[in-house]
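Structure, as structure tokens:
The values are calculated or read from the model by the stated rules, or taken from the named source; none is laboratory data. Source: prediction; values computed, not measured. Here the Cβ is made from the backbone with ideal geometry for all residues, glycine too, and neighbour counts use every protein chain on show.
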Ligand code: SF4
């Protein structure tokens, strides 16, 4: 009984709202998957236990922030900082911290032991997100702090601001926005279906049906005659 009630809580909370702006987490992602998300296309729903894991990740962030907020060696300038309002992207970094000399944007990521143990360098998609924070906050350095959910071990990587990468990511999002506004499904990833994003993609079914190249969204809906899933 309780399991069903708890599952229902998470599944109802996950109901998809119409997305108006990009999230920082969309940076560097497959443009077609982001397009489908904006169009609220049918997707493989996440299971309740995965949603609980995300929630658990939020608790871990709080656990990590507690010592940072109380130690003298580091000053938390601000926590949960929204990027300045603009048309394209919304997002919130975990914190901006100072060691007395430099400012750093802090982004905390939690993961299971299997992924954590293999991590020798920061994940590319995490660096991309951090680059957008560094760009919008105009801060020269950031820290990616990885937490092992199973053991609570930590790994830390300092990342320098790379303005070229940030501008490339913003430009890519602007290109996806043009496709969304003109209702044109972007092309698949070049290495579909072998790309890691395809393996975890919630839109694999609809992506498989809609062919390889760019295509009109409305035309595709007509072809499917309303039977999208
Ligand atoms: S299956 Fe791959 S190419 Fe298709 S939308 Fe998903 S990530 Fe993109």
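Keeping to the range 155-168, report how many residues are surrounded by fewer than 17 Cβ atoms within 10 Å (Cβ to Cβ) and in a helix (DSSP H, G or I). Talk me through it step by step, then tell me what you get.
Here is the first cut: in the range 155-168, the ones surrounded by fewer than 17 Cβ atoms within 10 Å (Cβ to Cβ) are 156, 158, 160, 162-164, 167-168.
Now narrow it down to the ones that are in a helix (DSSP H, G or I): 163-164, 167-168.
Of the residues in the range 155-168, 4 are surrounded by fewer than 17 Cβ atoms within 10 Å (Cβ to Cβ) and in a helix (DSSP H, G or I).
When you scan the range 71-85, how many residues do you find that are closer than 19 Å to residue 136 by Cβ and outside any strand (DSSP E or B)?
The qualifying residues number 3.
If residue 227 meets every condition in (1) modelled with pLDDT under 95; (2) surrounded by 10 or more Cβ atoms within 10 Å (Cβ to Cβ); (3) more than 9 Å from the ligand (Cβ to nearest atom) apart from one, which number is that one?
Among (1) modelled with pLDDT under 95; (2) surrounded by 10 or more Cβ atoms within 10 Å (Cβ to Cβ); (3) more than 9 Å from the ligand (Cβ to nearest atom), residue 227 violates only (2).
For residue 81, indicate whether it is at negative phi, more than 16 Å from the ligand (Cβ to nearest atom) and touching a helix residue (DSSP H, G or I) at 6+ places or on another chain (Cβ under 6 Å). Talk me through it step by step, then tell me what you get.
Details: at negative phi: yes; more than 16 Å from the ligand (Cβ to nearest atom): yes; touching a helix residue (DSSP H, G or I) at 6+ places or on another chain (Cβ under 6 Å): no.
Spelling it out, it is not the case that residue 81 is at negative phi, more than 16 Å from the ligand (Cβ to nearest atom) and touching a helix residue (DSSP H, G or I) at 6+ places or on another chain (Cβ under 6 Å).
In the range 169-196, what residues are touching a helix residue (DSSP H, G or I) at 6+ places or on another chain (Cβ under 9 Å), in a helix (DSSP H, G or I) and surrounded by fewer than 17 Cβ atoms within 10 Å (Cβ to Cβ)?
Selection gives 175 alone.
Among the residues of the range 200-210, is there at least one that is loosely packed, with under 14 Cβ neighbours inside 10 Å, assigned to a helix (DSSP H, G or I) and near the ligand (Cβ under 9 Å from one of its atoms)?
Yes, some residue in the range 200-210 is loosely packed, with under 14 Cβ neighbours inside 10 Å, assigned to a helix (DSSP H, G or I) and near the ligand (Cβ under 9 Å from one of its atoms).
From the list 44, 109, pick out the single residue that is under 20 Å from the mean Cα position of the chain (by Cα) and assigned to a loop (DSSP other than H, G, I, E, B).
Details: 109 fails: assigned to a loop (DSSP other than H, G, I, E, B).
One residue alone meets the criteria, 44.
Does any residue of the range 21-33 turn out to be at pLDDT below 80, in contact with a helix residue (DSSP H, G or I) (Cβ under 8 Å, 6 or more places away or on another chain) and within 22 Å of residue 110 (Cβ to Cβ)? Spell out the reasoning first.
Here is the first cut: in the range 21-33, the ones at pLDDT below 80 are none.
Checked the range 21-33: no residue is at pLDDT below 80, in contact with a helix residue (DSSP H, G or I) (Cβ under 8 Å, 6 or more places away or on another chain) and within 22 Å of residue 110 (Cβ to Cβ).
Consider residue 29 against the criteria (1) part of a loop (DSSP other than H, G, I, E, B); (2) over 14 Å from the mean Cα position of the chain (by Cα); (3) within 27 Å of residue 145 (Cα to Cα): it satisfies all of them except one. Which criterion is unmet?
It fails just one condition, (2).
Only residues that are under 24 Å from residue 111 (Cα atoms) and within 16 Å of the ligand (Cβ to nearest atom): list them for the range 38-59, please. Can you show your working first?
In the first step, residues of the range 38-59 are kept if they are under 24 Å from residue 111 (Cα atoms); the result is 43-59.
Hits for the range 38-59 are 43, 44, 45, 46.
Only one residue in 61, 49, 16, 56 is part of a helix (DSSP H, G or I), more than 17 Å from residue 134 (Cβ to Cβ), at pLDDT below 90 and in contact with a helix residue (DSSP H, G or I) (Cβ under 9 Å, 6 or more places away or on another chain). Which one? I'd like the intermediate steps shown before the answer.
On the way: 61 fails: in contact with a helix residue (DSSP H, G or I) (Cβ under 9 Å, 6 or more places away or on another chain); 16 fails: part of a helix (DSSP H, G or I); 56 fails: in contact with a helix residue (DSSP H, G or I) (Cβ under 9 Å, 6 or more places away or on another chain).
Selected residue: 49, the only one of 61, 49, 16, 56 that is part of a helix (DSSP H, G or I), more than 17 Å from residue 134 (Cβ to Cβ), at pLDDT below 90 and in contact with a helix residue (DSSP H, G or I) (Cβ under 9 Å, 6 or more places away or on another chain).
For residues that are surrounded by fewer than 15 Cβ atoms within 10 Å (Cβ to Cβ) and assigned to a strand (DSSP E or B), scanning just the range 91-101, find the one that is modelled with the highest pLDDT. Give the steps one after another, and end with the answer.
Restricting attention to the range 91-101, the residues satisfying the condition of being surrounded by fewer than 15 Cβ atoms within 10 Å (Cβ to Cβ) are 92, 98-101.
So of that shortlist, the ones also assigned to a strand (DSSP E or B) come out as 92, 98.
Working: 92: 93, 98: 96.
If we take residues in the range 91-101 being surrounded by fewer than 15 Cβ atoms within 10 Å (Cβ to Cβ) and assigned to a strand (DSSP E or B), then 98 is modelled with the highest pLDDT.
Among the candidates 134, 130, 145, 152, which residue alone is away from the ligand (no atom under 16 Å from the Cβ), touching a strand residue (DSSP E or B) at 6+ places or on another chain (Cβ under 7 Å), closer than 25 Å to residue 112 by Cβ and not in a strand (DSSP E or B)? Lay out the reasoning, then the answer.
Details: 134 fails: closer than 25 Å to residue 112 by Cβ; 145 fails: not in a strand (DSSP E or B); 152 fails: touching a strand residue (DSSP E or B) at 6+ places or on another chain (Cβ under 7 Å).
When all the criteria are applied, what remains is 130.
Filter the range 2-37 down to residues that are crowded, with 19+ Cβ neighbours inside 10 Å and within 16 Å of the ligand (Cβ to nearest atom), then give me how many there are. Outline the logic, then answer.
Keep residues of the range 2-37 that are crowded, with 19+ Cβ neighbours inside 10 Å, which gives 22, 24, 26-37.
Subset that is within 16 Å of the ligand (Cβ to nearest atom): 22, 26-37.
Residues flagged as crowded, with 19+ Cβ neighbours inside 10 Å and within 16 Å of the ligand (Cβ to nearest atom) within the range 2-37 amount to 13.
Under 18 Å from the mean Cα position of the chain (by Cα), in contact (Cβ under 8 Å) with a residue 60 or more places away in the chain and within 16 Å of the ligand (Cβ to nearest atom), is that true of residue 187?
Details: under 18 Å from the mean Cα position of the chain (by Cα): no; in contact (Cβ under 8 Å) with a residue 60 or more places away in the chain: yes; within 16 Å of the ligand (Cβ to nearest atom): yes.
No: the conditions fail for residue 187.
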